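*Asks:* Okay, handing you the structure first.
The values are calculated or read from the model by the stated rules, or taken from the named source; none is laboratory data. Predicted model, so just to flag it, every value in this text is computed and none were measured. Ideal geometry is used to build each Cβ from the backbone, glycine not excepted, and the neighbour counts take in all protein chains shown. To get the accessible areas, we keep the full protein, side chains included, count just its heavy atoms, and leave off ligands, DNA and RNA. Shrake-Rupley method; radii C 1.70, N 1.55, O 1.52, S 1.80 Å.
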Amino acid sequence: MLGSLLLAGSRMPLVRRAVSGVPLTRKVVDRFVAGESTREAVEAVHRLADAGLAVTVDHLGEETRDAEAASKTAEAYVTLLGALRELELGDRAEVSVKLSAVGQALGADGDKISLENARRVAEAARAAGATMTLDMEDHTTVDSTLETLRALREDFPSTGVALQAYLFRTEGDCRDLSHAGSRVRLVKGAYAEPASVAHQGKADVDRAYVRCLRLLMAGEGYPMVATHDDRLIAITETLADRFDRPRGGYEYQMLYGIRTDKQQALAGAGHTMRVYIPYGDDWYGYFMRRLAERPANIAFFLRALGGK
C-alpha cells in the first residue's frame, strides 16, 4: 500500500514540492543519484570501472513536453558519451534512454522526434564503443517503444530494451525478443499500473519474473538480469546451468547505491555486474520509485530525516 502511494506521489506536483523542499532529502538522493553534471557522472563511471564493474548511465528526466528540451536531453547523452570515449571507458559502459525524455510524449510527432533523438545517442554510443538500451516506462508506451526498438536495430543491432515482468503481456514480449543478438534487461517494474494490465501482489510479480527469466535464459539472446534479490540471483544461476549459458552469456544489473557489497561479490566471481547510474537535476520521479520499491529504502529516508 505504501509503495502504491509513493508511486502515485511521484506524479503529484504538491508532493514533489513538499519532498524536494526538505533539506535532508538531498542526503538521501545522493545515495541513489551520482550527481547533476556530466563531470560527476563520468567520475562515477571511472570509479566503478576501476572497481571491476560495468555501468549503464541514465540522464534523468521523463515525459518531456517540449521539443527543445528533448533535443537537449539527447545532446546531454552525446556529451557524456564523448567524455567516455576520450577516457576510453566506452567498453565498460552503455547508456539507458527513456524515450519520453527525448520526445516520445510530444503528440502526433512524438515517435518520430524520439526516434531521431535516439539515433543521435546511438551514433554517439557506437563511436564511443558503447551500447544503448531503451528504458521501458508505463504500459501505454510499450508498443511505441518496441516499434522504435525495431527501427533502431536496423542500423544499431546492439540496441537493448528493458521489459517489465509485472505486465501481463511481457511473457509474450520475452518470447519475441529472445532471438540471437537481442539484448533484454528484465526488471520487475516500477510504475503504478492498473490491475487490468499488471500483476499487483509481490509474489505474483516474482513468479512472473521467473517465468520471463526462464524464457530469456532459454533463448538465444543476451539477458540482462536486473535484480537485487538473492533468491532470483540463485534462480538465474540454476537456469544458466540448465541452458548451458556461460557467465559471458548474461549479466546482472543493480542500481547505483544499492547492495554495493553484492555487486562487488558478483563481479569478483567473474560475472558481468552492471551498475545503473542515474545523474542530472530532474531526479524526483526516479527517487520516488526507488523509495516505493523497497521498504529498506523508505527506512533509510526516514533515518536521514531524523538526522540519524
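*Asks:* Rounded, prolate or oblate: which fits region 34-141, taking a ≥ b ≥ c as square roots of the Cα gyration tensor eigenvalues, rounded meaning a/c under 1.5, else prolate when a/b beats b/c?
*Replies:* prolate
*Asks:* Quick one: 3J(HN,Hα) in Hz for region 176-191, Karplus 6.51/-1.76/1.60 with θ = phi - 60°, rounded, Gly and Pro as x.
*Replies:* Listing the rounded values in order: 5, 10, 9, 7, 4, x, 8, 9, 10, 8, 9, 10, 6, x, 9, 10 Hz.
*Asks:* Please give the solvent-accessible surface of Asp282 in Å², to the nearest 10, using a probe radius of 1.4 Å with every protein chain present.
*Replies:* Roughly 50 Å² of Asp282 is accessible to a 1.4 Å probe.
*Asks:* Taking 0.36 nm per residue of separation and subtracting the Cα-Cα distance, what length does fully extending Gln200 through Asp66 add? Walk me through the numbers on the way to the answer.
*Replies:* Details: separation 134, 0.36 × 134 = 48.24 nm, distance 3.32 nm.
Gain in length upon complete extension: 44.9 nm.
*Asks:* Calculate, for region 70-116, the solvent-accessible area per residue in square angstrom, rolling a 1.4 angstrom probe over the heavy atoms of the protein chains.
*Replies:* Value returned for region 70-116: 42 Å² of accessible area per residue.
*Asks:* So what does Lys98 come to for accessible area, using a 1.4 Å probe and Å² rounded to 10?
*Replies:* 20 Å²
*Asks:* Search the structure for amide H atoms under 5 Å from the amide H of Gln253, placed 1.01 Å from N in the peptide plane, and list their residues when 5 or more places away or on another chain.
*Replies:* The answer is Val225, Ala226, Thr227, Arg274.
*Asks:* Quick one: Karplus J couplings for region 129-138, per residue in order, coefficients 6.51, -1.76, 1.60, θ = phi - 60°, nearest Hz, x for Gly and Pro?
*Replies:* For region 129-138, the Karplus-derived couplings read x, 10, 10, 10, 10, 7, 5, 9, 10, 5 Hz, x marking Gly and Pro.
*Asks:* Also: Please give the solvent-accessible surface of Phe168 in Å², to the nearest 10, using a probe radius of 1.4 Å with every protein chain present.
*Replies:* Probe radius 1.4 Å; accessible area of Phe168 about 100 Å².
*Asks:* Classify region 159-207 from the C-alpha gyration tensor, please: rounded if a/c falls under 1.5, else prolate or oblate depending on whether a/b exceeds b/c.
*Replies:* In terms of gyration-tensor shape, prolate.
*Asks:* Please give, to one decimal in nm, the separation of the simple spin-label points placed at Asp109 and Ala51, each 7 Å out from Cα toward the Cβ.
*Replies:* Those two pseudo-labels are separated by 4.4 nm.
*Asks:* Here is a follow-up. Rounded, prolate or oblate: which one fits region 93-168, using the alpha carbon gyration tensor with axes a ≥ b ≥ c (rounded when a/c is under 1.5, else prolate when a/b beats b/c, else oblate)?
*Replies:* The shape class here is oblate.
*Asks:* Take Asp230 and Asp261, extend 7 Å from each Cα along the Cα→Cβ direction, and tell me the distance between the two endpoints in nm.
*Replies:* 1.0 nm
*Asks:* Also, I was wondering about something else. Evaluate the distance, in nm, between pseudo-label points positioned 7 Å from the Cα of Asp155 and of His179 along their respective Cα→Cβ axes.
*Replies:* 2.1 nm
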